[in-house]
Number of protein chains: 2
Amino acid sequence: MKKPTKMPKQELAGSLADFLCFAVYSTNLAFNRAYKQLFEELGITYPQYATLIALNEAGDQTVGELGDKLFLESSTLTPLLKRLEAAGYVTRRRDAEDERQVRVSLTPEGKAIFEQAFCGRESVIEATGLDPDTFVRLQRDLITLRDNLLASSNK
Amino acid sequence: MKKPTKMPKQELAGSLADFLCFAVYSTNLAFNRAYKQLFEELGITYPQYATLIALNEAGDQTVGELGDKLFLESSTLTPLLKRLEAAGYVTRRRDAEDERQVRVSLTPEGKAIFEQAFCGRESVIEATGLDPDTFVRLQRDLITLRDNLLASSNK
DNA sequence: TGCGATTAAATTGCGTGCGATCTATCTAAA
DNA sequence: TTTAGATAGATCGCACGCAATTTAATCGCA
């Protein structure tokens with residue numbers, strides 16, 4: 001947590017352009033649109049791709065562990081994982097040790113899709129028009145912001 | 001558009017933490033959660049609040065103009081505006097000059113809700129834990145990123 | 001004036017995203 | 001051992017968000 005400096009009052013204007021949350025919101029929409037064509041060709045969606053990244057990163061995880069990494073609830077993940085399973089990209093099975101948990105892992109087909117999307121994303125990265133320093137700084141600041149927001153909303 | 005410098009290859013790792021799009025995506029989820037309680041108390045949602053900001057900013061706009069500001073399609077805005085109308089926060093009426101267009105404006109009740117949310121958001125801004133310089137820089141970089149992405153996806 | 005092309009919004013279908021709730025399983029204390 | 005509580009996923013209902021399509025109004029040009 002950086003110093004919790006209070007924003008000066010004159011920053012509190014009422015225009016959309018003054019809202020940091022709107023900058024994040026609209027940039028997220030823009031990323032969705034930028035990636036749309038790539039994902040459509042592969043037959044997956046943006047959050048499904050994030051799930052494949054998480055699975056490729058660590059393999060064999062429970063729904064809860066995936067949710068922690070992706071910041072999603074089981075009510076979101078369960079249907080998403082069932083769609084990935086129906087597409088043949090992941091497997092879901094009850095853990096033998098603890099039947100409450102469901103373990104998810106990538107199939108070879110899922111790994112192939114992940115790698116195709118991973119290669120394709122380079123053109124999107126170039127489309128950001130950011131120099132590497134800005135890219136890295138932006139990423140770091142966003143993650144700090146995210147974690148501060150989550151920490152405060154879990155008070 | 002800044003210089004379109006190519007990202008160095010070694011930045012292309014496969015972990016969620018390396019994806020700028022995931023940083024934006026998850027920060028957006030975090031903002032949603034941070035604002036949730038405030039909006040719930042007021043009986044609106046996060047995108048509805050963005051719509052109220054846009055309406056307060058300029059008043060009396062068509063659905064298309066709102067969509068341009070909010071980066072949303074009519075298929076998203078029409079139901080959202082109907083819900084705001086049902087709640088009594090906006091009015092929708094066909095333009096007399098051009099009956100294809102629908103003009104939307106804030107009611108006094110809508111303006112009151114906007115102002116209550118506007119005051120309440122200060123605590124969320126403090127929860128970001130960002131110093132003002134970082135806050136401003138982040139906002140500027142995000143908007144540049146967003147506009148570059150949108151420009152490239154409209155090729 | 002007539003009529004095809006264009007435009008604005010609405011509708012439809014599908015995939016998130018979440019709170020609330022439900023079910024099945026596991027844990028722990030009496 | 002029994003059973004109350006906790007835990008992990010799944011289900012349900014609702015609100016986005018968009019592509020594709022439809023409907024209604026306007027425009028353009030002969």
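Just so you know, all these numbers are worked out from the coordinates, no wet-lab data involved. Computed from a predicted structure; not experimentally measured. Note: ideal-geometry Cβ built from the backbone for every residue, glycine included; neighbour counts use all protein chains shown.
Numbers at a glance
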{"read-out": "Selected from A:17, A:58, A:86 as most flexible by GNM, with chain A as the system and alpha-carbon contacts under 10 Å", "value": "A:17"}
{"read-out": "Nearest residue to the symmetry axis between A and B, taken on chain A by its Cβ, in whole Å", "value": "A:28, 2"}
{"read-out": "Degrees separating the helix B:108-127 axis from the principal Cα axis of chain B, which is the longest one", "value": "20 degrees"}
{"read-out": "All-pairs alpha carbon distance profile, the protein assembly as shown, 10 Å steps from 0, percent", "value": "5, 24, 30, 26, 12, 2, 0"}
{"read-out": "Entries in A:69/B:36; A:69/B:82; A:69/B:111 that, when Cα-Cα distance is taken, lie over 27 Å", "value": "A:69/B:82; A:69/B:111"}
{"read-out": "Whole-number D in µm²/s for region B:92-150 (Stokes-Einstein; Kirkwood sum over Cα pairs; 10 °C, 1.306 mPa s)", "value": "105 µm²/s"}
{"read-out": "Rounded to the nearest 20 debye, dipole of chain A from Cβ charges on Lys, Arg, Asp, Glu", "value": "560 debye"}
{"read-out": "Value at 222 nm in deg cm²/dmol, rounded to 500, when DSSP H runs of n ≥ 4 in chain B each add -39,500 (n - 2.57)", "value": "-21500 deg cm²/dmol"}
{"read-out": "Within region B:50-101: Cβ-based charge dipole about Cα centre, in debye rounded to nearest 20 (Lys, Arg +1; Asp, Glu -1)", "value": "300 debye"}
{"read-out": "Diffusion coefficient, µm² s⁻¹, Stokes-Einstein with Kirkwood Rh over alpha-carbon pairs of chain A at 4 °C and 1.567 mPa s", "value": "72 µm²/s"}
{"read-out": "Virtual spin-label span in nm between residue A:60 and residue B:122, 7 Å along Cα→Cβ", "value": "5.4 nm"}
{"read-out": "Nearest-ten-degree value, helix A:20-42 long axis tilted from longest Cα axis of chain A", "value": "30 degrees"}
{"read-out": "Relative contact order (percent, whole number), chain A, Cα cutoff 8 Å, 6+ residue spacing", "value": "20 percent"}
{"read-out": "Where labels lie 7 Å past Cα in the beta-carbon direction, separation of residue A:115 and residue A:36 in nm", "value": "3.0 nm"}
